[in-house]
2 protein chains.
Amino acid sequence: MPKPVNTSAAPREESPAAATGPVDKALAVLDALVQPDAPHRLADLAARTGLPKPTVHRLLHTLAEAGYAVPGPGGTYQAGPRLLGLAATALAASSELRLARPVLDDLRLRTGHLAHFSVRDGTVAVHVTQSDPSSTYRVPLAAGGEVPLYCSAVGWAMLSALPPATAAELLGADPLPARTPRTVRDPGAVLAAMPAVRERGYAVDDEYAEQDVRAIAAPVLGPGDRVAGAVGIVGLTFTLDEESVAVLGPMVRAAAGAVSASLRGGAGALGIVRGRR
Amino acid sequence: MPKPVNTSAAPREESPAAATGPVDKALAVLDALVQPDAPHRLADLAARTGLPKPTVHRLLHTLAEAGYAVPGPGGTYQAGPRLLGLAATALAASSELRLARPVLDDLRLRTGHLAHFSVRDGTVAVHVTQSDPSSTYRVPLAAGGEVPLYCSAVGWAMLSALPPATAAELLGADPLPARTPRTVRDPGAVLAAMPAVRERGYAVDDEYAEQDVRAIAAPVLGPGDRVAGAVGIVGLTFTLDEESVAVLGPMVRAAAGAVSASLRGGAGALGIVRGRR
DNA sequence: ATCAACGTTCCGTCTCCCGGAACGAATGCA
DNA sequence: TGCATTCGTTCCGGGAGACGGAACGTTGAT
């Protein structure tokens, strides 16, 4: 039996920074609403967000009135049509994603591995879109999932493209939690590996985050060398083996370079556009 | 003095129901943030949402602190990583979408036309996901886009599956705006067409919404005959011509039926699940 | 029959949301 | 180069409405 490792991310405990204003609380509820185990019950949403039950109830009412939540039978709630529309618009409108999509498909076809694009959110990488291979082996990576920067290929790729001071700040000074025996736990060691990553142009995650999973990633740079995200491929170690890394690495680097070039050339996100509108 | 009409061409007055609470306003800002013309300037967001400038500024600050917005150079803003993550999670978690995706791909391959899935949001249909053909002809349908129910195939499909009283309420009593010379403007006429749609199992939009565009759609029903959305194909009239409708219609109907069946059988969205997490 | 847990409503307190006015900076025009 | 807009941003006093503990009716399990 192939173990269905679907650990998209940690159970995602409620935000360490407690939501203070009504907007933050509403965002927390929205975040809980889109979790995969719909439909959601009020008590579960309250527990997940860490908010009092009446507060969640009132927020859900507001969200439902606006079409962002939909009440189901038995007092349950799930994502509403406006939320789905918002999501679809957001993913369709992002220039990074629009440009990355065809590149990911091409990369997936040429490598045979799952290709994905991730962006940085604080100290974690969020997987925003991906191109799934029709493989029989399930790779533990889901859209919307999160992985810490310090133990992922996309994380290392983005860290390598950031100013060293910023990277050091994101890594912190304390030893990092071990996810597998191979996890690099010393922030200094991660930083020390960055020059090599920069020189090669791609980063390799050798079972840092999960057993039997290897990944390769390269940074995507927008206008002004802003780090827009990272392109990567993920595979099980016996499929994505050590010898193939030397072949696949440059392909990933080239894919990320293609997205970067489109980002700069095509639609400059920088405020240099002079023309009207 | 030459009147400097440099404001956006379409005045496009905003929310019919003015945003009252802070949550509604924040949602309006989010909605404006994901529009395709990023990066957005504060004044544009204020104009689009109809909110005062300082209010938008404060909300953007809150959203930025939470990672849902990102300030760019020159005081611009765009969708932040949390928002992209939320969007990716929402689309990946929705059972309708997860089930519809492969069906849409299959439908697209077999018909050669753009296949899409839409849900109802009040009196409009929102296109949530789609499977694009590699056609040279651009069909005017974008993810996140909206079309009124009364003049679209997906709209008619969903109306046909709703209780007639509900459908009548959604259509209203007044004559509907004409989008093309062929638009059916009489709510009564639309209602009168529903029985035929129900019998055939699919609806046809014959240039009701846009010149030279034809569409076919069928309703998707969830547990308890709840209208979950509609599956449809869209094409230019000279590609998706009248003769092919009789052939393509049943294919669309079958595709929608497949999604409906999966929705009921696979993951019951009904609150019958008893098991503890 | 008993009990626990859930969704929902109520309401007094007081937080913090609100947006007009004002200011410095950047840009377009003459 | 100088002027006129328009932008993003900050300030602040008034008051709208968010807040959540307590309570209630109901449901499902024991």
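Since every read-out is calculated from the coordinates, none of them should be taken as a lab result. Only a predicted model underlies this, so the values are computations on that prediction, with no experimental measurement involved. Note that we place each Cβ from the backbone using ideal geometry, even for glycine, and neighbour counts take in every protein chain shown.
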- Item | Exam field: B:ALA64 pseudo-label spacings to other copies (7 Å along Cα-Cβ), nanometres | 3.5
- Message: Roughly how far apart, in whole Å, are the Cα centres of the stretch B:88-134 and the stretch B:214-239?
- Response: 10 Å
- On the first, second and third principal axes, largest extent first, how far apart are the outermost C-alpha atoms of chain A in Å? 57, 55, 41
- Query: In bins 10 Å wide, starting from 0, what share of all Cα pairs of the protein assembly as shown does each bin hold, as a percent?
  - Reply: 3, 17, 26, 27, 18, 6, 1, 0
- Task: Evaluate E = 1/(1 + (r/R0)^6) for A:ASP174 and A:THR237, where r is the Cβ-Cβ distance and R0 equals 35 Å; express this FRET efficiency to the nearest 0.05.
- Result: 0.75
- Message: With the label 7 angstrom out along Cα to Cβ, how close does B:VAL245 come to the same site in each of the other copies, in nm, nearest first?
- Response: 6.0
- Neighbour net charge for B:PRO164 - beta-carbon separation under 15 angstrom, K R +1, D E -1: -2
- Under the rule of -39500 (n - 2.57) per DSSP H run of 4 or more residues, summed and divided by the residues of the protein assembly as shown, what mean residue ellipticity at 222 nm is obtained, to the nearest 500 deg cm²/dmol? -13500 deg cm²/dmol
- Exposure-ranked with fewest Cβ neighbours within 10 Å first, B:HIS57, A:HIS127, A:HIS61, A:HIS40 stand as A:HIS61, B:HIS57, A:HIS40, A:HIS127
- Is there a simple number for the mean count of other chain Cβ atoms within 10 Å of the Cβ of residues in A:30-37, and what is it? 5
- Item | Positive-end extreme of charge dipole, the stretch B:27-176 - chosen from B:ALA38, B:VAL147, B:PRO163 (charges on Cβ) | B:ALA38
- Message: Sort B:92-104, A:85-97, A:176-188 by the packing proxy (mean of other Cβ within 10 Å over each peptide's residues), most packed first.
- Response: A:85-97, B:92-104, A:176-188
- Using label points projected 7 Å from each Cα along Cα→Cβ, tell me how many nm separate A:THR166 and A:ARG198, to one decimal. 1.3 nm
- Task: Relative to the longest principal axis of the C-alpha atoms of chain A, give the angle of the C-alpha long axis of helix A:95-111, reported between 0 and 90° and rounded to the nearest 10°.
- Result: 50 degrees
- For the stretch B:22-85, what is the relative contact order in percent, using Cα pairs closer than 8 Å and at least 6 residues apart in sequence? 33 percent
- Which distances, shortest first and in nm, link A:LEU191 to the matching position in the other copies, using label points set 7 Å out along Cα to C-beta? 7.2
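When the gyration tensor of the stretch A:22-87 is built from Cα positions, what are the square roots of 5 times its three eigenvalues, in whole Å, from largest to smallest?
Ellipsoid semi-axes (Å, largest first): 15, 13, 11.
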- What residue among B:GLY232, B:GLY257, B:GLY80 shows peak mean-square fluctuation when chain B is described by a Gaussian network model with Cα springs under 10 Å? B:GLY80
- The local net charge around B:LEU91, scoring Lys/Arg +1 and Asp/Glu -1 for residues other than B:LEU91 whose Cβ lies under 13 Å from its Cβ, equals +1
